[in-house]
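Structure, as structure tokens:
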Amino acid sequence: PRHIAIVPAAGSGSRMGAERPKQYIDLNQRPLLWHALETLTRVQRIEAVCVVLAPDDEWWPSFDWSALGDALRPMFVGGATRAHSVSNALAHMQSTMQVDDGDWVLVHDAARACLSVAQVDGLIDAVQDDPVGGLLAVPVADTLKRVHAGDGTLVGATVPRDGLWQAQTPQMFRYGLLRRALAHHDQVTDEAGAVEALGLRPRLVAADVTNFKVTYPQDLALAAQILQSRK
Ligand code: CTP
Ligand code: MG
């Protein structure tokens, strides 16, 4: 089977609160989105990187992406939610790139700029023979509190963190399965959630916290430092 990446990049970045969508803000002299795309295009087993953009995205054409090679496939088919953006990309791929149900799809958030080639290779190695698929994730490190139902500023309970993991991306599933899962369950915040809703069990592949999602302005300095340290 082939390996194809899908990078949802059609969000608005409301929590970042920048003057442009967060995928285009500057991170080490590149648009933020560049870094995840660069990593994915460097993974040998990945033959195409589909970038899901908002239909009215005017930022993408204003940058020169040619240094990333010819594996990039920009698609202006983003939807109202991340799940819709991915669904639309899966549908678009069928009519434009002869994808097979058995091909592997790796969905990766544009906002996880510090993804490394080694993390992706580790995921592919671990999931390659899995009947369902899997995702990068890290065990929860902090103690977790649930807020009080009556007063949202008080602790209601401590939630045991034993056995709890934080889901990251890439999330890797066969094209046919992922398309079916998202067609039935679009109220999910990740691909694994849709697959789980079919009664299946995706594999957790231990990653590390450097693959965090750049969300708030204060995340930018850390991401810049991690990327710089790898040069
Ligand atoms: N995304 C998308 N289509 C949407 C919403 C989100 O493709 N309708 C993408 C984002 O561009 C991002 C990834 O999904 O790469 C993860 O989403 P998130 O980090 O939440 O980004 P935003 O939704 O843009 O940010 P916010 O939630 O703060 O508005
Ligand atoms: Mg969002």
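Each reported figure results from applying straightforward, stated rules to the coordinates on display, with no laboratory input. All figures in this text were calculated on a predicted structure; none of them were measured in a lab. We place every Cβ from the backbone using ideal geometry, glycine too, and count neighbours over all the protein chains shown.
Ignoring the sites themselves, the chain has its longest run without GluC sites (Glu not before Pro) in a DSSP loop having at most 12 other Cβ atoms within 10 Å at 59-231. Bridgeable lysines around K22 (alpha carbons under 26 Å apart, same-chain partners fewer than 8 residues away excluded): K213, K231. Whole-Hz Karplus values for the range 150-162 come out as x, 10, x, 9, 10, 6, x, 6, 9, 9, x, 8, 3 Hz, taken residue by residue from phi with 6.51 cos²θ - 1.76 cosθ + 1.60 and θ = phi - 60°; glycine and proline positions read x. Counting Lys and Arg as +1 and Asp and Glu as -1 over every other residue whose Cβ lies under 13 Å from the Cβ of A91, the net charge comes to +1. Could I have the simple spin-label model distance between L164 and L222, label points 7 Å from Cα toward Cβ, reported in nm to one decimal? In this crude spin-label approximation the distance works out to 1.7 nm.
Packing-based ranking of 100-113, 81-94 yields 100-113, 81-94, ordered from highest to lowest mean Cβ neighbour count within 10 Å.
Prolate is the label for the range 132-201, because a/c, from the alpha-carbon gyration tensor with a ≥ b ≥ c as root eigenvalues, is 1.5 or above and a/b exceeds b/c.
Taking a ≥ b ≥ c as the square roots of the eigenvalues of the Cα gyration tensor, the range 94-231 is classed as oblate, since a/c reaches at least 1.5 and a/b does not exceed b/c. Here D101 and T189 are evaluated by their C-beta separation; at R0 = 30 Å the FRET efficiency comes out at 0.75. Under the simplified labelling scheme, the T215-D26 pair shows an inter-label distance of 2.6 nm, with each label point 7 Å from Cα along Cα→Cβ.
Using R0 = 35 Å, the C-beta based FRET efficiency linking Q44 and E196 works out to 0.75.
Across all directions, the shadow cast by the convex hull of the range 36-94 built on its C-alpha atoms averages 4.4 square nanometres. If you take the Cα centroid of the range 1-41 and the Cα centroid of the range 73-147, the two points sit 14 Å apart.
Kirkwood hydrodynamic radius for the chain: how many Å is it when counted over pairs of different Cα atoms? Don't skip to the end; give the middle numbers.
Values: mean 1/r = 0.0546 Å⁻¹.
Its Kirkwood hydrodynamic radius stands at 18.3 Å.
Here the label points at S229 and E19, each 7 Å from Cα along the C-beta direction, are separated by 3.1 nm in the simple model. Near A48, the amide H atoms lying under 5 Å from its own belong to A5; only residues 5 or more places off or on other chains count, and H is placed 1.01 Å from N. At the listed q of 0.17, 0.20, 0.21, 0.28 Å⁻¹, the Debye profile of the range 111-164, built from one uniform point per Cα, gives log10 I(q)/I(0) equal to -0.75, -0.83, -0.85, -1.06. Looking at the chain alone, DSSP beta bridges between its own residues are antiparallel in about 45 percent of cases. For the pair A157 and F76 in one chain, pulling the backbone fully straight at 0.36 nm per residue adds 24.8 nm over the alpha carbon distance.
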